[in-house]
Each structure stands twice: as C-alpha cells, then as structure tokens.
1. Within the stretch B:101-119, which residues are more than 8 Å from chain A (Cβ to nearest Cβ), free of Cβ contacts under 8 Å to residues at least 40 places away in the same chain and open to solvent by 30 Å² or more (accessible area, probe 1.4 Å)?
2. Checking A:GLU316 against (1) away from the ligand (no atom under 16 Å from the Cβ); (2) open to solvent by 30 Å² or more (accessible area, probe 1.4 Å); (3) touching a residue at least 60 places away in the same chain (Cβ under 8 Å), which single condition isn't satisfied?
3. Across the stretch B:71-88, what is the number of residues that are within 20 Å of the chain's Cα centre (by Cα) and open to solvent by 20 Å² or more (accessible area, probe 1.4 Å)?
4. Would you mind telling me which numbered condition in (1) buried (at least 20 other Cβ atoms within 10 Å of the Cβ); (2) away from the ligand (no atom under 16 Å from the Cβ); (3) among the hydrophobic types (A, V, I, L, M, F, W, C) A:ILE321 fails?
5. For B:ILE151, state whether it is more than 12 Å from chain A (Cβ to nearest Cβ), open to solvent by less than 30 Å² (accessible area, probe 1.4 Å), under 21 Å from A:ALA251 (Cβ atoms) and in a helix (DSSP H, G or I).
6. Taking helices (runs of 4 or more DSSP H) that do not extend beyond the stretch A:114-196, which have at least 1 residues that are charged (D, E, K, R) and in contact (Cβ under 8 Å) with a residue 12 or more places away in the chain?
7. Could you count how many residues in the stretch A:90-128 are near the ligand (Cβ under 8 Å from one of its atoms) and on the phi > 0 side of the Ramachandran plot?
8. Would you point out the residue of the stretch B:22-39, among those that are without any contact (Cβ under 8 Å) to a residue 12 or more places away in the chain and not small (Gly, Ala, Ser), that is most open to solvent (accessible area, probe 1.4 Å)?
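The values are calculated or read from the model by the stated rules, or taken from the named source; none is laboratory data. Keep in mind it's a predicted model, so treat the numbers as computed, not measured. When we count neighbours, we look across all protein chains shown, and the Cβ atoms used for this are built from the backbone with ideal geometry, even at glycine. The protein model used for the area step is the full one, side chains on, heavy atoms only, and it has no ligands, DNA or RNA in it. Shrake-Rupley method; radii C 1.70, N 1.55, O 1.52, S 1.80 Å.
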Amino acid sequence: MKTIRLSIIGFGAVGQGVAKVILDKQVYLEKIGIDFKVVAIADSRTAVIDEDGVDLAAVISRKKTEGTVGSEKLTGLEIIETIDHELVVETTPTNIVTGGAGLGNMFMAFKHGRDLVTSNKGPLAMKYGELIAAAEASGSKFLFEATVGGAMPVLNLARDVLAGNKITNVEGIFNGTCNYILTRMMEEHAPYEQMLAEAQELGYAETDPTYDVEGIDTACKLVILANCVFGMNATHEDVTVTGITKITPEALMLAQNDGYVIKLIGEVNDSRINVAPKLVPIDHPLAVGGSLNVASMQTDLSGPITVTGRGAGSIETASAILSDMISIYRD
Amino acid sequence: MRVSMDIELKDIPGQLLLALRPVSEFKGNLISVVHHHEKRTPRGTIPVNVVFETKPDNLNSIISSLEDSDIGIARIDEKRYFEHGAVILIGHIVHTDIQDTIDTIDNTGYAEVVDLNLSMPKIKKPSSASLKIDAVSKEHLASAIELLKEIAKKKDLLVIEPIKSELGAV
Ligand SMILES: NC(=O)c1ccc[n+]([C@@H]2O[C@H](COP(=O)([O-])OP(=O)(O)OC[C@H]3O[C@@H](n4cnc5c(N)ncnc54)[C@H](OP(=O)(O)O)[C@@H]3O)[C@@H](O)[C@H]2O)c1
C-alpha cells in the first residue's frame, strides 16, 4: 500500500465532493494499492490539520452545520508551504482577472515539489505556460481534467487514449448553463430572460450569470484545451467570444424548421479559438440537450471522436479529480 | 463550379489529349472522362463525356480553346450551385436594409440567397431571419458566410452559422 498525503484547498461543492469520493472509494483504492490520506483541509477562513488523517465525514458534516472546516487559522497557502504532503487538490473559486487564491497556491505547491490536481480554471486560463514550466522545474505532476468538461473526459482522452493521433479540430458544448437555457427556450418557445430565471431557480445558473452566458467560461476551457492539446500558449484574451444573451425564441424556431438546433459552441484548431452560438443539425452528435456537455475531436487516424457527459456537479467534477489523482500514483 | 460537357472527337490518335489540355491549362480539375466508342455519331465522330471542376471565370476560355482545336461541343451542362447552407440572423434586420444584405451575397457570382424567412415579434424588438444560401462549392459557401458576417458586423446583426464539421471545412 502506497500512502499519499494530500491537502484539499477550498471546501465548497467540489472540495467536499473530493472528500466524499475518497470515502466512497476506499475499497477500490485499497485494491489498487493507494491510500489517499487527507492531512489538511482549508476553506476561506479556517483549516483542519491532522497528520494521521483528517476524519472526512466529520469535516463534511461540520462544514454543513457550522460553515467552517475547523478551528485552525492557517490559510490554504500556509498549509501548502508548511505541512509535509505529496499532493495538493486545489478547488478554490475561479477568478480570471487576478487568478484568485488558486494562482498563488499552485506556484507555492510547485515551489515545494508537490503534485497538484485542480478544477480551478482561472490560473490555467491566465498563466498556463508559467504554471507548466514551474511544475516541470520542480518535477511536480500537474493534472487538471476537471477544468475543461467536469466529468466529461477531454484532456486525458486526447493525451492518453488517443495518443498517436493528431487532433486537428475540437468542437463542443462546454457550458451546461447555456445548454440548459437554450434547450428550454426551444422547448417552451420562451424568451431568454424567462429561461435564465428558471435556470437560476433550479441552481443551474449563478445569481450573476455573466461568466456563463457571455461565453467567458467556455472561452477559459477552450484556452486550456488549446494549450494542452494543441500546444498553443493562449490566454482567454485570444478567444473571440459571442454569448447567448441575444438569442430569440423565433431564431430557435426558424432553426428548428430548417432541421437545426442552436448551441453555444466552442471551437479550437490551429488557426482560431472561438466561442459563438452555432447551428447544429438536429441529428448531429453535438446536438445534446439539457445541461449536458459534449466534445467532438477531429483526429487524423480515428476520424471524429465524440464524448458527452455532465460538465458540472459536485460528485461529477470530483470524479475527474479522483481519476487524475489515481493516474498520478498508480504504477 | 462543376461542368459536364459532351464533346465529339475525330477518330484519329491524340484527339482526347487535345481535348483535355484546355481543362488543365486553365487550372480545371478533371473528374471523369467517359468514352462512348460504341456510339459513333453519323458524322463518324466519337462522343465523349467530360466532367470537371473549374472557376466560373475560366469556363469561357476553356470553351474557346476547344473550339480553336476544332473539337465539337454537343452540350454543356453547368451545375452551378452544389452546396446548400443555412444561417440565422438576429437583430434589426429590416431596418438595416435586408435587400442590401442579400444583394451583397447575390453579387458575388458564386453564391445566392435562395430563401428567406423572417420573424418579427414586436416593433422595435430584434427580429430573426433564416437565410438559405446556395454556392458553387464548400469553399465558396464558407466565403459567402464570411462576407455575410462582415456585413452583419457593420449592421450590428448576430449571425448564427452552421458548425464547422457541417460546413465540411475540417
Ligand atoms: N461546481 C462545479 O460543478 C465545478 C465544475 C468544474 C469546475 N469547477 C471549479 O472548481 C472550483 C471550485 O468550485 P466549487 O463549485 O466547489 O466552488 P464553491 O462551492 O464556491 O467553493 C469554493 C471553496 O473555496 C473556498 N475558498 C475561497 N477562497 C479561499 C482561499 N483563499 N483559500 C482557501 N479556500 C478558499 C471557499 O471557502 P468558504 O467555504 O469559506 O466560502 C469554498 O469552500 C472553482 O474554481 C470552479 O470553477 C466547479
């Protein structure tokens, strides 16, 4: 049995999801010979630290009732700097203007040679090249499957499973909120504002939906894809972006009469990174409904490969993080 | 554009080569040649069907070059519009002169707006339209849509185009 000591920095939906899947998958993890021992957890105000392994179930329940993970006053950054451990799971909020706490956390982890797995897009969409270089310089493993499609495998699919193929184009739906709103507008012949309100009510959209509906979230995911799969050195400023706020129910109807649905499509190839509403033939693999995500990769050897799945959600996103964690430490 | 041409060749060596030379000379792309040896015409010539792709501008030069070589052309069938595409426009479509938008596409000579459906919900609210565009080739369809996007940008209209794999440009 190999013991991997880890910290979880950020204990919201995704951080708690990671704690839950580690608990749920104990038997499986034992079978493959990995013991993930969480030695520290931090949220924005508090921390809990235990060299012998934090009681995950107790912390999840404390977070729910008291709103904090513990009584220690150490910050996430201080944990990464001072506590001895191998792996940092970084799940603090995405900030694409400053990089947020995540940016400093990541550099600190690499400075101390720690491996890092994250779902936080901000730092990667801003400073991809620098982060990769820092990780390489210290020999840290750095994986971030969860940043692009939640549970839907994209980066690892391109890198591992499709190894040997040249990927020439990626097109897909990378934002479940937009997909939900457009799908519902078409079903109900209802205006954008009404279906946005419904999405907010059901928790599919944030109170401030700008980041999703203006296509910024999709743009950040494309930047990570472009850098990771196409070897570019792009930032989110290199993406041309049009969101979904101007789409009318009439446009959706006219499209439907011609055999199309309208989806917010992200596209990456050698010549451009683009987010815009596009016409997708109703019977095309990209025409998935509800809040699903989907990605279609054009490859030179295998032709088109399409994957679809849940782009967000606590456990779904945690599953992508767990898969990255396992792939680092499995022999 | 794709051209299907029935020509008549004299039954002497070298005639086919003579007939095909203008196509390559004017950068045409030969697609098929069918020799109807068995169907000799009353004039003693052999009918041959040639299909090729060429730029519309070069067709006349190809024809006159064939005529110069004394090769009879029995029939020319140009199928101009091979590709069909759809786009959606959203915005103040009528106020920004829809006719002008359509004319710009039609005036390219390689693409044409063949159908327009307009939906105007309320005065002063943005309207939506679906446009069907026919074009000579996939590349021309893509450039017609690019052109439409340029016009739309000036007129503050949103263009929703088909996904890339649908446009066949991958
Ligand atoms: N939710 C999804 O489905 C999903 C999917 C893909 C990717 N992501 C990404 O995953 C990350 C986490 O998302 P989430 O939904 O879990 O967000 P969330 O529910 O808002 O949780 C964020 C957590 O980070 C903590 N935090 C904030 N600032 C911190 C700091 N400086 N140091 C340590 N902890 C800090 C917060 O503390 P408090 O609890 O004290 O506020 C909270 O526990 C984001 O970057 C997001 O974009 C999420």
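1. As a first pass, look at the stretch B:101-119 and keep what is more than 8 Å from chain A (Cβ to nearest Cβ): B:101-116, B:118.
Within this subset, residues satisfying the condition of being free of Cβ contacts under 8 Å to residues at least 40 places away in the same chain are B:102-103, B:106-108, B:111-116, B:118.
The answer is B:ASP103, B:ASP106, B:ASN107, B:THR108, B:GLU112, B:VAL114, B:ASP115, B:LEU116, B:LEU118.
2. Just one mismatch for A:GLU316, condition (1).
3. Kept after step one, since they are within 20 Å of the chain's Cα centre (by Cα), are these residues of the stretch B:71-88: B:75-87.
Among the residues that remain, those that are also open to solvent by 20 Å² or more (accessible area, probe 1.4 Å) are: B:75-84.
The total comes to 10.
4. Of the numbered conditions (1) buried (at least 20 other Cβ atoms within 10 Å of the Cβ); (2) away from the ligand (no atom under 16 Å from the Cβ); (3) among the hydrophobic types (A, V, I, L, M, F, W, C), the odd one out for A:ILE321 is (2).
5. Values: more than 12 Å from chain A (Cβ to nearest Cβ): yes; open to solvent by less than 30 Å² (accessible area, probe 1.4 Å): yes; under 21 Å from A:ALA251 (Cβ atoms): yes; in a helix (DSSP H, G or I): yes.
It is true that B:ILE151 is more than 12 Å from chain A (Cβ to nearest Cβ), open to solvent by less than 30 Å² (accessible area, probe 1.4 Å), under 21 Å from A:ALA251 (Cβ atoms) and in a helix (DSSP H, G or I).
6. Qualifying helices (runs of 4 or more DSSP H): A:121-138, A:176-188.
7. Of the residues in the stretch A:90-128, 1 are near the ligand (Cβ under 8 Å from one of its atoms) and on the phi > 0 side of the Ramachandran plot.
8. Quick first cut of the stretch B:22-39, residues without any contact (Cβ under 8 Å) to a residue 12 or more places away in the chain only: B:24, B:37-39.
Checking the rest, the ones that are also not small (Gly, Ala, Ser) come to B:37-39.
On the way: B:HIS37: 110, B:GLU38: 133, B:LYS39: 113 Å².
So the residue we want is B:GLU38.
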